[in-house]
Each structure stands twice: as structure tokens, then as C-alpha cells.
1. Which numbered condition trips up Val10, out of (1) over 23 Å from Ser233 (Cβ atoms); (2) within 12 Å of the ligand (Cβ to nearest atom); (3) among the aliphatic types (A, V, I, L, M)?
2. Could you check segment 174-237 for helices (runs of 4 or more DSSP H) lying wholly inside it with 1 or more residues that are touching a residue at least 60 places away in the same chain (Cβ under 8 Å) and more than 30 Å from Lys127 (Cα to Cα)?
3. Scan segment 162-181 residue by residue and report those that are more than 10 Å from the ligand (Cβ to nearest atom) and crowded, with 22+ Cβ neighbours inside 10 Å.
4. Which ranges mark the helices (runs of 4 or more DSSP H) fully within segment 31-145 that have 2 or more residues being within 21 Å of Cys225 (Cα to Cα) and within 15 Å of the ligand (Cβ to nearest atom)?
5. Kindly check whether there is at least one residue in segment 38-51 that is among the small types (Gly, Ala, Ser), closer than 21 Å to Ser131 by Cβ and free of Cβ contacts under 8 Å to residues at least 60 places away in the same chain.
6. Working carefully through the options Met194, Met159, find the one that is farther than 22 Å from Val10 by Cα, aliphatic (A, V, I, L, M) and within 11 Å of the ligand (Cβ to nearest atom).
7. Which condition from (1) more than 18 Å from the chain's Cα centre (by Cα); (2) crowded, with 17+ Cβ neighbours inside 10 Å; (3) closer than 18 Å to Leu149 by Cα is the one that Leu206 breaks?
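Please treat every number below as a calculation from the coordinates, not as lab data. Fair warning: this is a prediction, and the values are worked out from it, not measured in the lab. No Cβ is skipped: glycine too gets one built from the backbone with ideal geometry, and neighbour counts run over all protein chains shown.
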Amino acid sequence: MRLAGKSAIVTGGASGFGKGIVEKFLDEGARVLIADINGTAAEELAAAKGEAAVAQQVDVAEASSVEAMAEAAIQAFGQVDLLVNNAGVTHLPSPLDEVSEEDFDRVFNVNMKSVYLTARALVPHMKTRQSGVILNVASTAGVSPRPNLNWYNASKGWMITATKTMAVELAPKGIRVNAINPVAGETPLLKSFMGEDTPEIRAKFLSTIPIGRFSTPEDMGNAACFLCSDEASMITGVAMEVDGGRCI
Ligand SMILES: NC(=O)c1ccc[n+]([C@@H]2O[C@H](COP(=O)([O-])OP(=O)(O)OC[C@H]3O[C@@H](n4cnc5c(N)ncnc54)[C@H](O)[C@@H]3O)[C@@H](O)[C@H]2O)c1
């Protein structure tokens, strides 16, 4: 019960890493708003988890939708202690000069603008309470980029810098801001990074992970729980690799 009494928002919480974070937070005693563009999946997950979970359909790239999400969480829980910016998308592997403007804008808005929009909606609430934790789900792609995912990689590098600058500015207000950098993980998004899901491409990705396996939603739930709990009360501004050694 390391998150007992805490209330959280997890964006992209209906699938993959976000779902792993939602489940861990609930297991550790938090109440969680599962915020996802796939409202049906969010509702199904919340229904399966009982009273501590609430679903909210949101597009993290849209200001009015993010504001409604913040209001829904405050209405449901009275406060927001933990915000996990997990929703993210990628363009398919492609030479950087061949990615369409439409795909670039989608990656830019969902992976980057969302961090600004959720901060604008929730940092004032956290400042008033002199308390809060923000966790950004970035990527090893922002530290050690692979070719052909250029604009996705750059969005995650931006997220890591945003984490550090938010941390230094918000520390005096009692708000901690950290990131996790997952390595390739067993989620529906993995196929989009690989382009194609074949044994050969899987082996190529795996060969770069010293621990020898893909990451899992449970790995991200465990890391997120630690960084969002009071056990990490002296930790802010880190972008922690959860990557089986890939970035060494
Ligand atoms: N899977 C990996 O290999 C990997 C590696 C490193 C980092 N990441 C990052 O982890 C995060 C989660 O990815 P995942 O692999 O679990 O993907 P996923 O596709 O399984 O889950 C992403 C969730 O976000 C939701 N979502 C997408 N756009 C949204 C929007 N505009 N508003 C609200 N919700 C939206 C989707 O509906 C989905 O439920 C992403 O930020 C991703 O970049 C993933």
C-alpha cells in the first residue's frame, strides 16, 4: 500500500504500459482515473477494477479535452496527487525526410504538446496544495536513438528535457517531476516501432537489450510506483532507464 490515500491520473491508461501502471497503482492503494482516447477500453478496465478506478475519455492533444479530464479527476477524488503522462504514439519506421507532415503533427501533439496541456491544467492545482508528482513516460529512444524513428525519438528527447526543466522550476513548490525511459516492450505499440513483427526483427531488437528480454507493463508499473511514491521524495528531474541495460 505504498500509494494509499493518493489519487492519480494515468493517460493512455487503457493499454500497454499505461495499463500496467494503472494496475500497480490500484494494487498499492491509489485511486486512479484511467484517461484514454479509447473510452470504451478505459471503461472496461475501470469496471473490472472496482470503485477505486474511474474512466475518462480524453484526447491528450486537445486543450478542452485535457481540461475536462483534470476537472473529472478533481471531482471524482477531490485532488490529484499523481499525474502520469503516458499516452504516446509513433510514426512507422521511415527515412526522416519521408515522414508525412500529418504523422509529424500527430507525434508532436500527442507526445509533446500533451505535456504542456496537462501541466497547464494540473500544475496550478498542485501548486495550491504545495504537493504533487508528475511522471513522464519518455523512452530509450530519447537517449540512444535508432535510425528511421527520427521524429518519435526527438519527441522523447524533448520530453526528457521538459522533465528536467519542470523539475527544477517546480521543486520549490513541492512538486516532483521525473521520467522513465522504457526499452522496447511487449505492448500493441511494439509492432509500429518494428514496422513488421517477424522473428528476425524481434531478434534484432532483442540483441540490443543486454538482459535479453523485452520490457513489460509490470516493469513500468513497478518503476512508476517507486518514483511516484514517498520513497522517492528526494528524487526529482531524473529520466530513469527501465531498459535491461540497453543504454549502457
Ligand atoms: N512499447 C514500447 O516499446 C515503448 C518503448 C518506449 C516507450 N514507450 C512509450 O510508452 C508509452 C505507452 O506506450 P505503449 O507501448 O503502452 O502503447 P499502447 O499503444 O499499448 O498504449 C497507448 C495508449 O495511449 C492511448 N492514446 C493514444 N493516443 C492518445 C491520445 N491522443 N489521448 C489519450 N490517449 C491516447 C491509446 O488508446 C492506448 O490505450 C508511450 O508514450 C510510448 O511512446 C513505449
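1. Going through the list (1) over 23 Å from Ser233 (Cβ atoms); (2) within 12 Å of the ligand (Cβ to nearest atom); (3) among the aliphatic types (A, V, I, L, M), Val10 breaks only (1).
2. Working: elements: 190-194, 199-206, 217-228.
Per the criteria, 190-194, 217-228.
3. The first filter runs over segment 162-181 and keeps only residues more than 10 Å from the ligand (Cβ to nearest atom), leaving 162-179.
Of everything in segment 162-181, those that are more than 10 Å from the ligand (Cβ to nearest atom) and crowded, with 22+ Cβ neighbours inside 10 Å turn out to be Thr163, Met166, Ile175, Arg176, Val177, Asn178, Ala179.
4. Values: elements: 39-49, 63-77, 101-107, 114-129.
Fully inside segment 31-145 and qualifying: 39-49, 63-77, 114-129.
5. Step one: list which residues in segment 38-51 are among the small types (Gly, Ala, Ser), which gives 39, 41-42, 46-48, 50.
Pick out the ones that are also closer than 21 Å to Ser131 by Cβ and you get none.
Looking for residues that are among the small types (Gly, Ala, Ser), closer than 21 Å to Ser131 by Cβ and free of Cβ contacts under 8 Å to residues at least 60 places away in the same chain, one finds none in segment 38-51, hence no.
6. On the way: Met159 fails: farther than 22 Å from Val10 by Cα.
From the options Met194, Met159, the qualifying one is Met194.
7. (2)
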